Amino acid sequence: MNGVFDGIQVELAKGGSVTVTGFGAFGVRDRKARTGVNPGTGETIRIAATKALAFKGGKSLKGAVKCK
């Protein structure tokens, strides 16, 4: 299993995606820079652009957990 997880990690680090048939797909998405609010002070702050991990469950996984 460690080999599988290492392979997924390497592919995502390169910006690629990995699909596990019957389970789902892992990928990387770009988040744009945006404006936010500091909840403690109410001050407007700038949030830098970043990358985020994404997972989309496959049809059989969604059916197993009864997702719509």
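Sequence-distant contacts, meaning Cα pairs under 8 Å at least 6 residues apart, place the relative contact order of the chain at 29 percent. With only Cα atoms counted, region 2-60 has Rg and Dmax values of 16.2, 47 Å. Our helix-only sum for the chain, with -39,500 (n - 2.57) per DSSP H run of n ≥ 4 divided by its residues, gives a mean residue ellipticity at 222 nm of -7500 deg cm²/dmol. For the chain, the longest principal axis of the C-alpha atoms and the axis of helix 2-13 are separated by about 40°.
Rule-based calculations on the coordinates, nothing more; no lab input. Treat the numbers as computed from the prediction; the structure is a model and nothing was measured.
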